[in-house]
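The values are calculated or read from the model by the stated rules, or taken from the named source; none is laboratory data. On a predicted model such as this, the values are computed, not experimentally measured, just so you know. Cβ sites come from the backbone with ideal geometry, for glycine too, and all protein chains shown count toward neighbours.
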Amino acid sequence: MEWRGPQVTEFLEDRLTGALRDAAEAIEINAATECPVDTGRLQASITNEVEGKEARIGTNVFYAIYVELGTRKMKPQPYLRPALYGTDISAYFADILKE
């Protein structure tokens, strides 16, 4: 039997990256769905980025943090945390070993 460690590692890393991208996309969609809408600017600005083994989901709109966490004068309207916690990301990674 021939050792195929490098090929297996490459295969698993590719699958991991794909699963991470799929999970980040699902969280992004859920965040946009959960996001409160006034003008739609915040909702439209939600994106995801996968770099290596890390995914970031968020927005560059300056007031996003105030919507998520609230202020002294405004109660919080969370959308990112519910999107993260409400997405079954384990399902994306469980599929890696099924093939």
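If I ask for residues that are over 14 Å from GLU68 (Cβ atoms) and over 12 Å from the mean Cα position of the chain (by Cα), which ones from segment 23-50 would you list? Scanning segment 23-50 gives THR33, VAL37, ASP38, THR39, GLY40, ARG41, ALA44. Of the residues that sit in segment 24-44 and are small (Gly, Ala, Ser) and not in a loop (DSSP other than H, G, I, E, B), which one is surrounded by the most Cβ atoms within 10 Å (Cβ to Cβ)? Within segment 24-44, the match that is surrounded by the most Cβ atoms within 10 Å (Cβ to Cβ) is ALA31. Annotation note: Cβ proximity below 7 Å between a residue of segment 19-45 that is of a type in the set (Ser, Thr, Tyr) and a residue that is outside any helix (DSSP H, G or I) (sequence gap 6+ or interchain) occurs for SER45/THR59; SER45/ASN60; SER45/VAL61.
Where helices (runs of 4 or more DSSP H) sit wholly within segment 57-99, those with at least 1 residues that are under 12 Å from the mean Cα position of the chain (by Cα) and free of Cβ contacts under 8 Å to residues at least 40 places away in the same chain occupy 80-85.
Surrounded by 11 or more Cβ atoms within 10 Å (Cβ to Cβ) and under 30 Å from GLN77 (Cβ atoms), is that true of ARG21? Yes. For THR47, the conditions (1) at pLDDT 95 or above; (2) exposed (fewer than 14 other Cβ atoms within 10 Å of the Cβ) all hold with the exception of (2). What's the total number of residues in segment 50-60 that are closer than 10 Å to GLU28 by Cα and surrounded by fewer than 17 Cβ atoms within 10 Å (Cβ to Cβ)? Counting residues in segment 50-60 that are closer than 10 Å to GLU28 by Cα and surrounded by fewer than 17 Cβ atoms within 10 Å (Cβ to Cβ) gives 2.
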